[in-house]
Structure formats: structure tokens, C-alpha cells
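J.: Just passing along the structure, written as C-alpha cells.
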Amino acid sequence: MLKSLRHERRKRLRTGEVLRNRQAGFSILELLVVIAIVAILASGAIPRFIAAPATVEAAASALSANLRLSRAQAVGGASHYRVSIVDSTTYTVNRLVLQGGSWVVDGATPTLTFTLPGAARFTSAATAFEFDTRGTRVGANTVATITLRDSVANRDLNLQVWPSGQINPA
């Protein structure tokens with residue numbers, strides 16, 4: 001019986017039947033060709049993702065972070081901080097000091113100027129948000145809304161600054 005199995009196997013090897021049954025996978029060359037094609041396609045797509053313009057969400061996130069940081073510094077530093085919208089693309093952050101009963105810009109601390117990225121623009125009027133040592137907005141009794149517009153995507157994003165100093169997306 002063993003002899004007949006060997007004979008059958010030799011017969012199959014001669015006819016190529018065994019080789020056809022074992023050729024179910026891909027060769028190394030085929031895999032390398034597919035990987036090369038995918039790499040070429042990906043190399044064209046990756047720069048588009050990297051060079052994508054900054055969105056209005058990124059601008060709102062940065063502004064919100066600077067408002068919160070200014071509020072925290074006012075509470076922790078025993079001084080006032082003011083965030084001022086200068087024009088449609090720029091805002092500044094200033095530390096204020098008490099002089100003669102009023103809070104004025106501290107000349108010893110540099111003014112931090114920020115420019116909105118990409119196509120983001122302020123659509124609300126020029127406004128200033130001053131935070132006192134308790135973290136509340138000075139002279140505010142209503143919620144202020146800052147509107148950022150993405151001129152490319154044609155959409156708006158709002159931030160609310162509460163009298164308590166809390167900053168929320170609207």
C-alpha cells in the first residue's frame with residue numbers, strides 16, 4: 001500500500017496536479033507590486049492632509065484657551081487680564097495693574113498678539129473681556145457672544161463668555 005501511495009504521488013508530481021493545489025496564495029513579487037502601488041497613491045494623498053488649512057474650530061479652540069488662561073492668571077496672579085479683539089483677524093492679551101484706583105495695561109509685561117489661522121474671521125464688533133482677581137468679567141451683566149466665521153466653508157462658530165467668566169461654545 002505504501003508503494004502504491006508513492007507511485008500515485010510521483011504520478012501527480014509529473015502531471016503538476018500537486019503544484020496546482022498548493023498555489024493558493026500570493027507570490028512575494030505580487031505583494032511587493034501591490035505595496036508599491038499603495039505607497040505611490042498614499043504619497044499623493046498625504047500632502048493634502050498635512051497642508052489642510054486651519055479650520056474655524058482650531059481658531060475657536062485657541063481663542064477659548066487664551067480666554068481661560070487669562071482668567072486663570074487673573075485669579076492666580078492678583079491682577080486683571082484683558083483679552084481684546086482688535087480687528088477681524090487679531091486679538092491681544094494684556095496684563096493690567098492697579099494704578100491710582102484704576103486698572104491699566106502693565107508696561108512691564110509684553111502684549112501678546114494672536115492672529116486667527118486660515119480663513120477664520122471675527123464677525124462681531126471689537127470687544128474687550130477683562131477678568132478680575134475673582135475670575136469674573138469686569139462690568140458685565142450679560143452673556144457676550146464671539147462669532148467666528150470660516151469664509152471658505154461658509155459657516156459660523158460662536159463662543160459665549162459669561163459674566164462669571166465661564167467660556168462655552170454656543
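J.: Going by the conditions given, is residue 18 modelled with pLDDT of 60 or more, surrounded by 10 or more Cβ atoms within 10 Å (Cβ to Cβ) and in a helix (DSSP H, G or I)? Walk me through how you get there before you give the answer.
T.: Details: modelled with pLDDT of 60 or more: no; surrounded by 10 or more Cβ atoms within 10 Å (Cβ to Cβ): yes; in a helix (DSSP H, G or I): yes.
Here the answer is no, as residue 18 does not meet what is asked.
J.: Tell me, which residue of the stretch 112-140 that is at pLDDT below 90 and more than 30 Å from residue 154 (Cα to Cα) is surrounded by the fewest Cβ atoms within 10 Å (Cβ to Cβ)?
T.: 139
J.: Of (1) in a strand (DSSP E or B); (2) surrounded by fewer than 17 Cβ atoms within 10 Å (Cβ to Cβ); (3) among the aliphatic types (A, V, I, L, M), residue 108 satisfies all except one. Which?
T.: (1)
J.: Which residue pairs have Cβ atoms closer than 6 Å, lie 6 or more positions apart in sequence or on different chains, and pair a first residue in the stretch 26-53 that is modelled with pLDDT under 85 with a second residue that is surrounded by 10 or more Cβ atoms within 10 Å (Cβ to Cβ)?
T.: Note: pairs meeting the criteria are 53/118.
J.: Look at the stretch 128-170 and say how many of its residues are closer than 24 Å to residue 76 by Cβ, assigned to a loop (DSSP other than H, G, I, E, B) and either of a type outside the set (Asp, Glu) or not assigned by TED's automatic domain parsing to the domain that holds residue 60 (or both). Step through it out loud before you land on a result.
T.: Quick first cut of the stretch 128-170, residues closer than 24 Å to residue 76 by Cβ only: 128-140, 144, 146, 159-168.
Keeping just the survivors that are assigned to a loop (DSSP other than H, G, I, E, B) gives 132-136, 138-140, 162-166.
Of the ones still in play, those that are also either of a type outside the set (Asp, Glu) or not assigned by TED's automatic domain parsing to the domain that holds residue 60 (or both) are 133-136, 138-140, 162-166.
Residues that pass the stated criteria total 12.
A quick yes/no check of all residues on (1) of a type in the set (S, T, N, Q); (2) within 19 Å of residue 132 (Cβ to Cβ); (3) outside the structural domain of residue 134 (by TED's automatic domain parsing):
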position: 75; (1), (2), (3): no, yes, no
position: 78; (1), (2), (3): no, yes, no
position: 83; (1), (2), (3): no, yes, no
position: 86; (1), (2), (3): no, no, no
position: 89; (1), (2), (3): yes, no, no
position: 92; (1), (2), (3): yes, yes, no
position: 99; (1), (2), (3): yes, yes, no
position: 110; (1), (2), (3): no, no, no
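The values are calculated or read from the model by the stated rules, or taken from the named source; none is laboratory data. In this text the structure is predicted, and so the values were computed from the model without any measurement. No Cβ is skipped: glycine too gets one built from the backbone with ideal geometry, and neighbour counts run over all protein chains shown.
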